[in-house]
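Asks: Quick one: the structure is below, and I'll ask about it shortly.
Values in this text are rule-based calculations from the coordinates and carry no lab data. Only a predicted model underlies this, so the values are computations on that prediction, with no experimental measurement involved. Don't worry about glycine lacking a Cβ; one is built from the backbone with ideal geometry, like all the others, and counts go over all protein chains shown.
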Amino acid sequence: MFSNFTVDWKESLLILLGLAVIVLLFYVFNRKSIAKENETRKLLKERMQQPYSEPQIQEVARKSTPQIVQAYERLIILMERIDLQKLVVRVAPISTLKQDYASFLIQNIDQEYDFNISQQLYVSEEAWALIATAKQTIIQQILKTSLKEEVINADDLQRNLLQNKEVNSVTDLAKNRLKQEFKSLV
């Protein structure tokens, strides 16, 4: 099958040289963006290693604007709206199937979160991480409760979720952090 196959070393070297030139040109044209990306990674690493300190919060306080105040207000409202107890009371089952109700609750949480996602620009990374954690914890609790054997339909799911009190601690933690940061702004 390969008996007639001969290797032309000149062609192979030309192909190899062509690939080397392409790689070199790619590096030459993209070295600025590669350097910028490396610098961004370094800054991100440094920022992740440094805890959010009180002087940094006070620095934000000197630059307080109405948009920042509004961001804190909106994020507190977000935590209130995705609070499991309040969400379940506000959002009624759309069918008798527990899967439909669980999906509908999660969809409401995602919409609330997506509507407020730009507010992360105005709060600390720690506060935003707590908000994202609260969202995920509530979604996990909805899914975990919907998988229980005693939960047969949407009404049972709603009842079980109303009885659950453990998720509120996450939303309360996020609200407390937001309030703490906000007090340092005022």
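Asks: How much length, in nm to one decimal, is gained on full extension between Phe26 and Ile77, taken as 0.36 nm per residue of separation minus their Cα-Cα distance?
Replies: Extra length from Phe26 to Ile77 when fully extended: 13.5 nm.
Asks: Estimate the FRET efficiency between Arg159 and Val186 by the formula 1/(1 + (r/R0)^6), using the beta-carbon distance for r and 35 Å for R0, to the nearest 0.05.
Replies: 0.25
Asks: Now a separate question. For Leu147 and Glu39, what does the FRET efficiency come to when R0 = 45 Å and r is the distance between their Cβ atoms, rounded to the nearest 0.05?
Replies: That pair, Leu147 with Glu39, gives E of 0.45.
Asks: State whether segment 55-185 is rounded, prolate or oblate according to the following rule on the C-alpha gyration tensor (a ≥ b ≥ c being the square roots of its eigenvalues): a/c under 1.5 gives rounded; otherwise a/b larger than b/c gives prolate, and the remaining case gives oblate.
Replies: prolate
Asks: State which entries of Lys98/Lys148; Lys98/Lys165; Lys86/Lys135 exceed 18 angstrom in Cα-Cα distance in the structure shown.
Replies: Lys98/Lys165
Asks: Between Ile117 and Ser103, what length comes free when the chain is fully extended (0.36 nm per residue of separation minus the Cα-Cα distance, one decimal in nm)?
Replies: Taking Ile117 through Ser103 to full extension adds about 3.0 nm, to one decimal.
Asks: Once label points are set 7 Å from the Cα along Cα→Cβ at both Leu17 and Ile94, what is their separation, rounded to one decimal in nm?
Replies: Computed distance between label sites Leu17 and Ile94 equals 6.5 nm.
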